[in-house]
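First the structure, in the form of structure tokens, and then the observations on it.
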Amino acid sequence: MQGNNEPKSFYESGGPHKGILSWIFTTDHKRIGLLYLASLFIFFIVGAAFGLLMRLELIAPGKTIVTASTYNSFFTLHGVIMIFLFIIPGIPVSLGNFFLPLQIGARDVAFPRINLLSWWLYMTGGILALMSLFTGDGPPDTGWTFYAPYSIRTGTNVSLAVFAAFILGFSSILTGLNFVTTVHRLRAPGMSWFRMPLFVWSLYATAWVQVLATPILGITLLLIIIERFFGVGFFDPSKGGDPLLYQHLFWIYSHPAVYIMIVPAMGVVTEIIPVFARRTIFGYKAIAFSSIGIAAVGFFVWGHHMFTSGISDTSKAIFSLLTFLVAIPSGIKVFNWVASLYKGSIKVDTPLLFVISFVFLFCIGGLTGLINGTLATNIHIHGTHFIVAHFHYVMFGGTAFAFFAGLHYWFPKIFGRMYSEARAKFAWFFLFIGFNILYFPMFILGWQGMPRRYYDYLPMFHELNLISTIGSWILAAGLILMFINLVRSIKKGERAESNPWKGTTLEWTVPSPPPVENFEEIPVVTQGPYKYE
Ligand SMILES: [Cu+2]
């Protein structure tokens, strides 16, 4: 794989074990990053399959392929898998695990064995979540939010699914702990805070949310399990409890969790733009602080999920105002991305194509977030397909498209091969067009009053649902084309040099793929990243 005088790549040195054991017992951050990458996309395919089945059911009013209760399990597992097994772990555990130590000039993360443990916990949680499909009295049918009191009363296998999410929470906490310590302790000499790549800042801000917010979800899910087995009454008004308490606890984690999902994606976008615009990033410090700002303010807006739950008018007004506030640091990032592209000598390769799509789709998702956060409109659209469209524009159009951008950008470094640029652009076209045909009609359907999570709908919604379902097939075609191109290129792609994009961050100074120790000598850093002028 490597020139004859280059050190052996991390693929060729698996430590004391051989074969598959050298992977599942590895403590090398690069191998753990790839273990996560493979498992993430297997779960993504399962989650996407449930999404396609839902769209197939909704292609026409009335029954199409499944019963109402099966449909309820489809959207529950689609949500649980896509959120807890794909998008929350997502970029940090895969691309983050692989590139964080390389970008700060370190040989590994602070706690390599805990890093491996976090992947074992992830797999345990994933297998338990899938087992909830086939065990007990039927797959869970509550939606991924497991709202009480229904999640306490339903006979379906909620306990196992909730326990799976509980275990996954620990995997996330351990990763957060590892990344915070790594950034504080393992930066190369000269790598001061304001010389760190901005992807590292985004992982750092995200890691703090993982450490501080996830325990709240852990205890909340534990309360559901205790309720189901012992009927203590935490969320049951007839026993002095309150179902609203569940909603508060759940969203106190789950809203900051949306920043665990989006801030690393923003970091990938910030990383790619200067390389393909050949310009220094505009407003380095503003972008670094806006990552921290989003993570911090994000802890105070959870009530915007409960405007129709009966909370007081005062709290509604406060949560609505705070929701607008959190849009400011996001706006700063969008402004700085566009300012960095302005007058750049832009080379539109696939990583940048996905980045530009991200900015476009994220802006639609972000701006509709303000419509959701406005009290007058929220009362009208809460619980409708408008909300479904909104979070798919932010989470799929945003995070997943940035994930695909990062995959193509760092593919040569990870695998030592180039992917086919022509095939990648072809796949992108289907992805982008399919995405908008699938999700944009949902804004209109929701505005017209079509509720989410309903098995059936009024005939007036038929046309747009048909269009949306056709969009899901075009999107699926794009995903398949992209995966085929990337998987094929791992073995058949043209050999990659160590810095094919002329990047300026440290990972591009080592061979492709990197040696097991990353650096022959720990580098001494004398300047910040993205120096192009
Ligand atoms: Cu929220």
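Quick notes
- Sequentially through the range 505-519, phi angles give Karplus couplings (6.51, -1.76, 1.60; θ = phi - 60°) of 8, 4, 4, 7, 8, 10, x, 10, x, x, x, 4, 8, 6, 10 Hz, Gly and Pro residues having no value and appearing as x.
- Global dimensions of the range 175-288 from alpha-carbon coordinates: Rg and Dmax equal 19.8, 64 Å.
- Summed over all non-identical Cα pairs, the Kirkwood treatment of the range 266-383 gives a radius of 15.6 Å.
- By the combined test of axial Cα extent (at least 30 Å) and Kyte-Doolittle hydropathy (mean at least 0.0), the qualifying DSSP H helices of the chain come to 29-57, 112-134, 158-185, 198-230, 243-277, 313-341, 350-373, 421-447, 462-492.
- If you take the Cα centroid of the range 75-96 and the Cα centroid of the range 375-425, the two points sit 12 Å apart.
- A Stokes-Einstein calculation at 37 °C with viscosity 0.692 mPa s, built on the Kirkwood radius of the range 181-244 over Cα pairs, returns a diffusion coefficient of 218 µm²/s.
- For R417, the residues whose amide H sits under 5 Å from its own are A496, ignoring neighbours fewer than 5 places away on the same chain, with H placed 1.01 Å from N.
- Average Cα contact separation per residue, the range 21-509, under 8 Å, 6 or more apart, as relative contact order %: 15 percent
- Ratio Rg/Rh [Cα only; Rh per Kirkwood] for the chain: 0.96
- Of the peptides 173-181, 371-379, the ranking by mean beta-carbon count within 10 Å, highest at the top, reads 173-181, 371-379.
- Accessible surface, 1.4 Å probe, highest first, among residues S159, S69, S132: S69, S159, S132
- Accessible surface, the chain, averaged per residue in Å² (probe 1.4 Å): 38 Å²
The values are calculated or read from the model by the stated rules, or taken from the named source; none is laboratory data. None of these values were measured; they are calculated from a predicted model. All Cβ positions, glycine included, derive from the backbone under ideal geometry; neighbour counts span all protein chains shown. Surface areas here come from the heavy atoms of the whole protein model, side chains and all, with no ligands, DNA or RNA. Shrake-Rupley method; radii C 1.70, N 1.55, O 1.52, S 1.80 Å.
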